[in-house]
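Engineer: Dumping the structure here so I can ask a few things about it.
The values are calculated or read from the model by the stated rules, or taken from the named source; none is laboratory data. Computed from a predicted structure; not experimentally measured. No Cβ is skipped: glycine too gets one built from the backbone with ideal geometry, and neighbour counts run over all protein chains shown. These area figures cover heavy atoms from the full protein model, side chains too; ligands, DNA and RNA do not enter into them. Shrake-Rupley method; radii C 1.70, N 1.55, O 1.52, S 1.80 Å.
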There are 4 protein chains.
Amino acid sequence: MCRWIAYTGKPIFLDRLVTQPAHSLVKQSLDSKLNITASGKLLTTNGDGFGIGWYGSHDDPGLFKDDLPAWHDENLKHICHQVKSHTFFAHIRATTTGDIQRTNCHPFSYKNWLFQHNDHVTQFESIRRELQLDIEPSLFPELKGTTDSETFFLLALTYGLTERPKEALQRMVKRVLKALRNNDPTGALNLSCALSDGKTLYTLRFSYNEEAMTQFYSTHSHCFGDFEGPDEKMPSESTVVVSEPLDKASEKWTEIPNNTFTTVVKNNVTIEPFLDESEADSV
Amino acid sequence: MCRWIAYTGKPIFLDRLVTQPAHSLVKQSLDSKLNITASGKLLTTNGDGFGIGWYGSHDDPGLFKDDLPAWHDENLKHICHQVKSHTFFAHIRATTTGDIQRTNCHPFSYKNWLFQHNDHVTQFESIRRELQLDIEPSLFPELKGTTDSETFFLLALTYGLTERPKEALQRMVKRVLKALRNNDPTGALNLSCALSDGKTLYTLRFSYNEEAMTQFYSTHSHCFGDFEGPDEKMPSESTVVVSEPLDKASEKWTEIPNNTFTTVVKNNVTIEPFLDESEADSV
Amino acid sequence: MCRWIAYTGKPIFLDRLVTQPAHSLVKQSLDSKLNITASGKLLTTNGDGFGIGWYGSHDDPGLFKDDLPAWHDENLKHICHQVKSHTFFAHIRATTTGDIQRTNCHPFSYKNWLFQHNDHVTQFESIRRELQLDIEPSLFPELKGTTDSETFFLLALTYGLTERPKEALQRMVKRVLKALRNNDPTGALNLSCALSDGKTLYTLRFSYNEEAMTQFYSTHSHCFGDFEGPDEKMPSESTVVVSEPLDKASEKWTEIPNNTFTTVVKNNVTIEPFLDESEADSV
Amino acid sequence: MCRWIAYTGKPIFLDRLVTQPAHSLVKQSLDSKLNITASGKLLTTNGDGFGIGWYGSHDDPGLFKDDLPAWHDENLKHICHQVKSHTFFAHIRATTTGDIQRTNCHPFSYKNWLFQHNDHVTQFESIRRELQLDIEPSLFPELKGTTDSETFFLLALTYGLTERPKEALQRMVKRVLKALRNNDPTGALNLSCALSDGKTLYTLRFSYNEEAMTQFYSTHSHCFGDFEGPDEKMPSESTVVVSEPLDKASEKWTEIPNNTFTTVVKNNVTIEPFLDESEADSV
């Protein structure tokens, strides 16, 4: 259960989204509004580490992560104030189990790819070994932490993420569902993911046996919200996808439906169905 | 704005108070109930570091502090599970300004003394220099961080804390009030402190121009709350003082009145008036 | 490549070994003398985290770890000054690869067992997956970090460490040798381990295809070294095992031969051969 | 006692100096060669935190600091690989006393100014209070840590650093010398500083009662050293100043004389005398 944002379009300074908006990601680290757990409880605090990933002059993205809360981090403020990027991710973590360490912070990277998500999987510890065995052996050394997220990313890479993202995610989700059901037929899987190769932004919203986590996008020039100043507008030909809106004026935000795969290039947003219900049920 | 507990009496493991109770200090780090800011807002998250101080075989207390949130800290769990003490303090920090670093975490120590508090002072930065100049030069090297708390402790030491605790705190409070009023006549000072020399536990509750922060004590054998197991009782001849009760059954807790100085030896609790109103107004 | 100490006998404060001796473990963190790498270089700095594990009133040991250097750590100084134990471990880490995080710091624990070591394995990343697949599935959730050390510990637990420590370590070493040889016939394995269940202290010194890492023990009352003061002596009926002596007077220390398994109860030290050469060669 | 580099000229990625050279700053963090303490001992390890400061699109510099060793820090590697700057500082810290915390890491900043140094002052704790009292009250809230370095920077700002850097540093040095002598007539002061407003780079090398710390500059296109690859050259019209050379070929480096103030614009290096001996002696 975490919060994240993903941006693609004209280069902007990261603080435009990460720290400045009325309900910026950093503000969500202390006071998120839509982070509902499976038991229906609102999780306002996302203080178990944070990370940003951005594309600059190189093909491979930059990464900056720490295991501290985002709300008072001076490094984060400085880097977001100085770094400009056409495509970037930012993530704040909330975990009810698991270790608080940088290697468990999102986004995760592999070559020119970035991956981040918020999710809920019933009893991940019981299926972790089975899923990690399916990771391509040459990718196994990439496994640095203990999160479900990293395992899902490495599984998707195993299944061809860099070539066919949607198909790889479909295989990954079906593989996880299979493990989940063998372990606990009533178990839930709930995923809200963002991925990028530095050119295209992809997102997935999928839930099984549980109400889906929220996911929104906006291409509206005023979606950053109520804060003041000369730079308040989002550039044209740009899109931001978020786990919850960055302002209080949610009419500028479009909710992405559950069980969909979204492809974003500049401000072109294409939303496709992800898995057939029958597919999900038959794995 | 922070939360704390202080215990004195028969030796117990620290986890009996710090992690086990229904509304233990560690649980308060994510979900405190009475941490009301000056603007009337409830501050549920106390995630800006933590610390414990305990008296064991030596005269000088042990200290363990970190700048991480308490809620998932494995070191804290281990140490509180292993360490037994007759008198100990524990503190979780919430700051709206200021650096998150171990030297800013409570409790502070000087020789055999421990000090911790939660407080609110209007515009401390404007009076910090003036107050730090009053610190006895030989104590100045003890200044390691940037908190108001540490400055207040060193001022109280300057004014004779180790000999006459109440008088030293009175002088300290009057000195701070004087600086405060010169700077801003409408400014507020709000203090809830615990101190000990390893034998006696002292607390102060004092507010000026603001509703006082809460402070409670209990000598009740079931004040730890609703948690189960064979060790649920607080030992006889023991007292715990807290910023908010450790259970939901607050009838086992006695609120300590505002503007009082409290002395605790075992389960003998003596509450005295602290400053005359005229004294506070005339500084 | 790390440094460690292990003590068993009459209860002493941890600082007697960890911080006070002339060449204490904390001093070794900046200036170790016998930490020779496979390439023959002296590794003086062991600054990639540290940890202590100790047995107190409970069956399960206490653990305190951090990913910072030990040399200036105030928490470590305080805890070692306050905590008394009959059997304890302390470890400082030096890694040339791998993540610096608390979950990679020694000692590792499982129920009432502690484990720590210094080692060198050629290309561990190439055999990590194979070895981790051999971990008993019910123990797999214990895997929290990415070190070879933790994998070796969980393998030994899989092979019955808690029942027959020597046999379990033999199976573990043979299993690792097999993986190593399949991957690189010229590869080296070099282990210097300490283990305990809180009653008995066991150590292993074993090397293959490489000069063995040093391991010493002492039961001498003056083995702590040259430092002054009334408490300078090690208690009678006690033993300390180290990766390098704690003083400059090494005649008080006995080198433990390579390829041996050592059992220590109080000051009774039993050294047995570990693996037949033919066994090591035939796996 | 620390190590640092400062660069000004054509924009380059920070890793060109911080991580890539044969004897890069990150390599110096484990193995510096010229970091000689007052007692003549070589201090090879600089593991008590690090920091970088760089000028980008804004007037105010970016800052990234951590209290961990630089040698394995993934954030540092990423940021230095992604960030390009025309003028930047990098610093690794070694302290024999004092707290390891981010607020004690260099560089320090004030508005558009950066400051870093390595130094040695005899018994700074004894003169700290006196010097901090001389800080302009409006600058006092900038005091966040406990280092001599930060105090010297704030004193220099008090004395007009942003208007007349050389004069302000002269006043600062004379003020420190005065305090030093009153406290201990045999005391030493040893400073090697770098400052910038984002346009000009200034350095100071000054020692009193002690052999001066080293300081070198180079405008040589091959001064980065022996490492391979297409990008090995330093750009034309650029200068790097260091506490020790970044390669083993020191003929490409010019030692800056003691007791001088250096002004660098692009590759124009002007070295002036700093204090008359009589001035230093008469304060």
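Engineer: Out of everything in segment A:68-80 that is under 11 Å from A:LEU14 (Cβ atoms) and open to solvent by 10 Å² or more (accessible area, probe 1.4 Å), what residue ends up being farthest from the other protein chains (Cβ to nearest Cβ)?
Structural biologist: Ranking the qualifying residues of segment A:68-80, first place goes to A:LYS77.
Engineer: Taking the options A:GLU130, A:GLU125, A:GLU150, name whichever one is open to solvent by 30 Å² or more (accessible area, probe 1.4 Å), within 24 Å of C:ARG102 (Cβ to Cβ) and assigned to a helix (DSSP H, G or I).
Structural biologist: Exactly one of A:GLU130, A:GLU125, A:GLU150 is open to solvent by 30 Å² or more (accessible area, probe 1.4 Å), within 24 Å of C:ARG102 (Cβ to Cβ) and assigned to a helix (DSSP H, G or I), namely A:GLU125.
Engineer: Looking at (1) within 21 Å of C:HIS106 (Cβ to Cβ); (2) surrounded by fewer than 19 Cβ atoms within 10 Å (Cβ to Cβ), which is the only condition C:LYS178 fails?
Structural biologist: Here C:LYS178 meets the rest and fails (1).
Engineer: How many residues, within segment A:235-259, are open to solvent by less than 10 Å² (accessible area, probe 1.4 Å), in a strand (DSSP E or B) and of a type outside the set (A, V, I, L, M, F, W, C)?
Structural biologist: 1
Engineer: Picking from B:TYR159, B:TYR202, B:TYR217, which residue would you name as being more than 17 Å from the chain's Cα centre (by Cα), at negative phi, of a type in the set (Ser, Thr, Tyr) and modelled with pLDDT of 95 or more?
Structural biologist: B:TYR159
Engineer: Then there is this: Regarding segment B:177-184, can at least one residue be identified that is within 13 Å of chain D (Cβ to nearest Cβ), of a type in the set (Lys, Arg) and part of a helix (DSSP H, G or I)?
Structural biologist: So far as segment B:177-184 goes, no, none of its residues is within 13 Å of chain D (Cβ to nearest Cβ), of a type in the set (Lys, Arg) and part of a helix (DSSP H, G or I).
Engineer: Let me ask something additional. Among the residues of segment C:110-135, which ones are within 14 Å of chain B (Cβ to nearest Cβ) and touching a strand residue (DSSP E or B) at 6+ places or on another chain (Cβ under 6 Å)?
Structural biologist: Across segment C:110-135, the qualifying residue is only C:LEU114.
Engineer: From the list B:LYS65, B:LYS77, B:LYS41, which one is among the basic types (Lys, Arg) and free of Cβ contacts under 8 Å to residues at least 24 places away in the same chain?
Structural biologist: After ruling out the rest, the residue left standing is B:LYS41.
Engineer: Testing D:PHE224 on (1) open to solvent by less than 30 Å² (accessible area, probe 1.4 Å); (2) modelled with pLDDT of 95 or more, one condition comes back false. Which one is that?
Structural biologist: (2)
Engineer: Another one. Could you grab me the full set of residues in segment D:39-53 that are open to solvent by less than 10 Å² (accessible area, probe 1.4 Å) and hydrophobic (A, V, I, L, M, F, W, C)?
Structural biologist: D:PHE50, D:ILE52 - these are the residues of segment D:39-53 that are open to solvent by less than 10 Å² (accessible area, probe 1.4 Å) and hydrophobic (A, V, I, L, M, F, W, C).
Engineer: Sticking with this structure for a sec: Taking segment C:16-31 as the search range and keeping residues that are more than 20 Å from D:HIS72 (Cα to Cα) and among the hydroxyl-bearing types (Ser, Thr, Tyr), which one is nearest to the other protein chains (Cβ to nearest Cβ)?
Structural biologist: The qualifying residue nearest to the other protein chains (Cβ to nearest Cβ) is C:THR19.
Engineer: Does any residue of segment D:161-174 turn out to be among the hydroxyl-bearing types (Ser, Thr, Tyr), open to solvent by 10 Å² or more (accessible area, probe 1.4 Å) and within 12 Å of chain B (Cβ to nearest Cβ)?
Structural biologist: no
Engineer: I'd like to know if segment B:56-73 contains one or more residues that are touching an Asp or Glu at 6+ places or on another chain (Cβ under 8 Å), more than 20 Å from B:THR103 (Cβ to Cβ) and not basic (Lys, Arg).
Structural biologist: yes
Engineer: Which numbered condition trips up D:CYS193, out of (1) open to solvent by less than 10 Å² (accessible area, probe 1.4 Å); (2) assigned to a helix (DSSP H, G or I); (3) not polar (S, T, N, Q)?
Structural biologist: Of everything listed in (1) open to solvent by less than 10 Å² (accessible area, probe 1.4 Å); (2) assigned to a helix (DSSP H, G or I); (3) not polar (S, T, N, Q), D:CYS193 misses just condition (2).
Engineer: Just one of the numbered conditions (1) open to solvent by 30 Å² or more (accessible area, probe 1.4 Å); (2) at the interface with chain B (Cβ under 10 Å from one of its Cβ atoms); (3) not in a loop (DSSP other than H, G, I, E, B) is not true of D:LEU139; which one?
Structural biologist: It is condition (1) that D:LEU139 fails.
Engineer: Sort out which residues of segment D:53-67 are at the interface with chain A (Cβ under 10 Å from one of its Cβ atoms), at pLDDT 95 or above and out of contact with any Cys (no Cβ under 6 Å at 6 or more places or on another chain), and write them in order of number.
Structural biologist: D:GLY53, D:TRP54, D:TYR55, D:GLY56, D:HIS58, D:ASP60, D:PRO61, D:GLY62, D:LEU63, D:PHE64, D:ASP66
Engineer: Those residues that are at the interface with chain A (Cβ under 8 Å from one of its Cβ atoms) and not polar (S, T, N, Q), I need them from segment C:92-109; list them, please.
Structural biologist: Selection gives C:ASP99, C:ARG102.
Engineer: Scan the strands (runs of 3 or more DSSP E) fully inside segment D:28-109 and keep the ones with 3 or more residues being of a type in the set (A, V, I, L, M, F, W, C).
Structural biologist: D:50-55, D:84-93
Engineer: C:LEU204: buried (at least 24 other Cβ atoms within 10 Å of the Cβ) and either in contact (Cβ under 8 Å) with a residue 12 or more places away in the chain or in a helix (DSSP H, G or I) (or both), yes or no?
Structural biologist: Judged against the criteria, C:LEU204 is a match.
Engineer: Among (1) more than 14 Å from chain C (Cβ to nearest Cβ); (2) within 28 Å of A:ASP66 (Cα to Cα), there is one condition B:LEU34 misses while meeting the rest; what is its number?
Structural biologist: The single condition B:LEU34 does not satisfy is (2).
Engineer: Could you go through segment D:258-268 and let me know if any residue there is at pLDDT below 95, closer than 22 Å to D:LEU169 by Cα, in contact with a strand residue (DSSP E or B) (Cβ under 9 Å, 6 or more places away or on another chain) and of a type in the set (A, V, I, L, M, F, W, C).
Structural biologist: Checked segment D:258-268: no residue is at pLDDT below 95, closer than 22 Å to D:LEU169 by Cα, in contact with a strand residue (DSSP E or B) (Cβ under 9 Å, 6 or more places away or on another chain) and of a type in the set (A, V, I, L, M, F, W, C).
Engineer: With the requirement that a residue be touching a residue at least 60 places away in the same chain (Cβ under 8 Å), surrounded by fewer than 23 Cβ atoms within 10 Å (Cβ to Cβ) and among the basic types (Lys, Arg), what does segment A:81-120 give you?
Structural biologist: A:LYS84
Engineer: If I go through segment D:1-38 residue by residue, how many of them are open to solvent by 10 Å² or more (accessible area, probe 1.4 Å), of a type in the set (Gly, Ala, Ser) and under 14 Å from D:CYS223 (Cα atoms)?
Structural biologist: So the count comes out to 1.
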